[in-house]
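Novice: After the structure tokens below, expect a handful of questions from me.
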Amino acid sequence: IVAVVGAGGIGSGLLYQMARIGFRYINIIDNDSISVDNCNRLYWINRPEDAIGKPKAQFIAKAYRKFNPKARIWYFIGNANTSKARRLIKRADLIILAVDNDSARAIVNSLAAQYSKPLVNVSTGIFMNREGNKIQAAGTQIQWFIPRLAEYPCLRCQGSLNQKEIQQELMDDTQKENRRKAGYISNTTISPEPQVMPLNSAGISIAMW
């Protein structure tokens, strides 16, 4: 059983290839829905008008079954730090992490260590300059964590998790507002980071290999 946490641009692409390779036992965990501004980078979507508004995990699970009727797909619409998501992760033989924030990575990283499950972390990023009109850097990152093997340490041990970012992401709205009033504002001129299919595809292909 493979648990895929995150069914966005990267996660949906990984599942797309897994269906064609022949993976039959899949757990999908994602708390987001398909929208106008993200359907362009999601695999499995042929008619956006039929997909917009539907939960990503549910939509992809249905499409996966159509392609591979013998597949057994379980999905959960929610975040990884819930009892049902934990059960799906615990029963998996391999965890694939395809999320876009360090707080979710930290949670799944801890579960992988707790349950002694191998983990593959896949991410991409495009970083703009402060004016938001030029790409400064772009890349993809694939990391392995295999419990009890020192040469494949966990994501936290690798230094891949930004603790400051995690703390900010986990704040509630009141805490964020209080922080803003206190002057703790950073990257105020940052522009949205676009996600492009070629970059995502590169990371997906390397991770699948």
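Novice: How large is ³J(HN,Hα) for each residue in the range 72-88, as worked out from phi by the Karplus curve 6.51 cos²θ - 1.76 cosθ + 1.60 (θ = phi - 60°), to whole Hz, x for Gly and Pro?
Specialist: Working through the residues one at a time gives 10, 10, 10, 9, 9, 9, x, 8, 6, 9, 10, 5, 5, 4, 4, 5, 5 Hz.
Novice: Let me ask you something else. Label Arg91 and Lys54 with points 7 Å out from Cα along Cα→Cβ: what is the distance between them in nm?
Specialist: Each label point lies 7 Å from its Cα, and together they span 2.3 nm.
Novice: Once phi is turned into θ = phi - 60°, what whole-Hz ³J(HN,Hα) does the Karplus curve with 6.51, -1.76 and 1.60 give for every residue of the range 113-129, x standing for Gly and Pro?
Specialist: 5, 5, 9, 6, 10, x, 9, 10, 9, 10, 8, 9, x, 10, 10, 8, 6
Novice: Could I ask something else about it? With both bridge residues required to lie in the range 1-98, what share of the DSSP beta bridges run antiparallel, to the nearest 5%?
Specialist: Details: 1 of 15 bridges.
Given both bridge residues lie in the range 1-98, the antiparallel proportion sits at roughly 5 percent.
Novice: For the range 17-109, run through the trypsin sites (Lys or Arg not before Pro) and keep only the ones in DSSP coil with at most 16 other Cβ atoms within 10 Å of their Cβ. List each step's numbers first, then the result.
Specialist: Values: sites: Arg20, Arg24, Arg41, Lys56, Lys62, Arg65, Lys66, Lys70, Arg72, Lys84, Arg86, Arg87, Lys90, Arg91, Arg105; in loops: Arg24, Lys70, Arg91.
Qualifying residues, ordered by number: Arg24, Lys70, Arg91.
Novice: In percent, how large is the relative contact order of the range 1-110, given Cα pairs closer than 8 Å and 6 or more residues apart?
Specialist: Values: 195 pairs, mean separation 41.2, N = 110.
Relative contact order for the range 1-110 comes out at 37 percent.
Novice: Dividing the alpha-carbon Rg of the range 103-163 by 2.2 N^0.38 Å yields what? Don't skip to the answer; put the middle values down first.
Specialist: Working: Rg = 14.4 Å, N = 61, 2.2 N^0.38 = 10.5 Å.
Taking the Cα Rg and dividing by 2.2 N^0.38 Å, one obtains 1.37.
Novice: Here is a follow-up. Tell me the label-point distance for the pair Arg20, Ile146, using the 7 Å Cα-to-Cβ offset, in nm and rounded to one decimal.
Specialist: Between Arg20 and Ile146, the label points sit 2.7 nm apart.
Novice: Quick one: the Cα spread of the range 9-95 along its three principal axes, in angstroms, biggest first?
Specialist: Taking max minus min along each principal axis of the Cα atoms, the range 9-95 gives 35, 28, 18 Å.
Novice: Looking at this model, which pairs from Lys66/Lys117; Lys56/Lys134; Lys84/Lys117; Lys62/Lys84 are more than 23 angstrom apart at the alpha-carbon? Spell out each step's value before the answer.
Specialist: Values: Lys66/Lys117 29 Å; Lys56/Lys134 31 Å; Lys84/Lys117 17 Å; Lys62/Lys84 19 Å.
Where the Cα-Cα span goes over 23 Å, the pairs concerned are Lys66/Lys117; Lys56/Lys134.
Novice: If you bin every alpha carbon distance in the range 38-134 into 5 Å steps from zero, what whole percent lands in each bin?
Specialist: That works out to 2, 10, 17, 18, 20, 15, 10, 4, 3, 0, 0, in percent per bin.
Every read-out reported here was derived from the displayed coordinates using simple, explicitly stated rules and does not represent laboratory data. Just so it is clear, the structure is predicted and the values come from calculations on it, not from any experiment. Neighbour counts are summed over all protein chains in view; Cβ atoms, including those assigned to glycine, are modelled from backbone coordinates with ideal geometry.
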